[in-house]
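Peer 1: Right, I'll just put the structure down here and ask away after.
The values are calculated or read from the model by the stated rules, or taken from the named source; none is laboratory data. Source: prediction; values computed, not measured. Note that we place each Cβ from the backbone using ideal geometry, even for glycine, and neighbour counts take in every protein chain shown.
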């Protein structure tokens with residue numbers, strides 16, 4: 001697999017590595033069982049809302065470590081509003097690109113950063129907690145974070161999700177169009193399961209491929 005020199009540099013010598021001694025927000029996304037996990041700690045100035053310090057720990061491949069490293073560089077010194085606007089595509093571009101099968105690592109890094117910022121905002125009463133009832137829109141928003149490895153684009157943009165529903169008992173059903181011979185079929189199903197099962201109120205996920 002071909003990595004850019006920038007990816008290799010951030011993998012070999014990651015920036016902002018380690019848990020902060022003092023922080024006022026944190027988040028963890030992903031799962032070691034599924035291969036990748038990132039934790040991020042923030043120290044936000046409560047007067048200026050600037051991220052003055054940031055640290056991370058990562059479990060996973062070279063791309064996972066490199067994207068977590070670059071996203072912390074990109075967020076440090078920015079306001080929380082500016083940091084929230086950083087996209088996974090921008091993170092990948094900062095690393096001079098990633099192989100399509102590894103683009104999901106930049107999504108994970110950005111998701112973790114945004115979750116840490118959201119936790120800060122909730123704790124400091126800047127926004128209300130969104131722990132509302134589970135609905136189809138929440139399901140689709142999570143599916144939009146899942147990339148098809150062959151091309152590095154999300155399932156919603158690629159129109160691979162043909163049906164998604166959730167009932168009042170928390171039973172989620174998702175139909176995804178992926179050929180049976182596709183080598184990424186099971187990987188995509190695992191990613192869907194990981195993303196949807198973490199949503200509050202989900203009791204069971206049925207994926208039809």
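Peer 1: Every residue in region 191-208 that is closer than 17 Å to residue 146 by Cβ and in contact with a strand residue (DSSP E or B) (Cβ under 7 Å, 6 or more places away or on another chain), please.
Peer 2: Hits for region 191-208 are 192, 193, 194, 196, 197, 202, 205, 206, 207, 208.
Peer 1: A further question on this structure: Every residue in region 154-169 that is within 19 Å of the chain's Cα centre (by Cα) and loosely packed, with under 15 Cβ neighbours inside 10 Å, please.
Peer 2: 157, 158 - these are the residues of region 154-169 that are within 19 Å of the chain's Cα centre (by Cα) and loosely packed, with under 15 Cβ neighbours inside 10 Å.
Peer 1: Further, regarding this structure: Need a quick list: helices (runs of 4 or more DSSP H) entirely within region 91-209 having at least 3 residues that are modelled with pLDDT of 95 or more and more than 30 Å from residue 65 (Cα to Cα).
Peer 2: none
Peer 1: Here is a further query. Which of the following residues is surrounded by 17 or more Cβ atoms within 10 Å (Cβ to Cβ), free of Cβ contacts under 8 Å to residues at least 40 places away in the same chain and touching a strand residue (DSSP E or B) at 6+ places or on another chain (Cβ under 7 Å): 188, 172? Before the answer, list the steps.
Peer 2: Details: 188 fails: free of Cβ contacts under 8 Å to residues at least 40 places away in the same chain.
Every option except 172 fails the conditions.
Peer 1: Go through the residues of region 131-144 one by one and say whether even a single one is closer than 27 Å to residue 3 by Cα and either out of contact with any strand residue (DSSP E or B) (no Cβ under 9 Å at 6 or more places or on another chain) or outside the structural domain of residue 43 (by TED's automatic domain parsing) (or both). Give the derivation first.
Peer 2: Kept after step one, since they are closer than 27 Å to residue 3 by Cα, are these residues of region 131-144: 143-144.
The next check asks that each one be either out of contact with any strand residue (DSSP E or B) (no Cβ under 9 Å at 6 or more places or on another chain) or outside the structural domain of residue 43 (by TED's automatic domain parsing) (or both); those that pass are 143-144.
Taking every residue of region 131-144 in turn, at least one turns out to be closer than 27 Å to residue 3 by Cα and either out of contact with any strand residue (DSSP E or B) (no Cβ under 9 Å at 6 or more places or on another chain) or outside the structural domain of residue 43 (by TED's automatic domain parsing) (or both).
Peer 1: Can you say whether residue 54 is closer than 25 Å to residue 194 by Cα and buried (at least 23 other Cβ atoms within 10 Å of the Cβ), as far as the supplied structure shows? Step through it out loud before you land on a result.
Peer 2: Details: closer than 25 Å to residue 194 by Cα: no; buried (at least 23 other Cβ atoms within 10 Å of the Cβ): yes.
In short, no.
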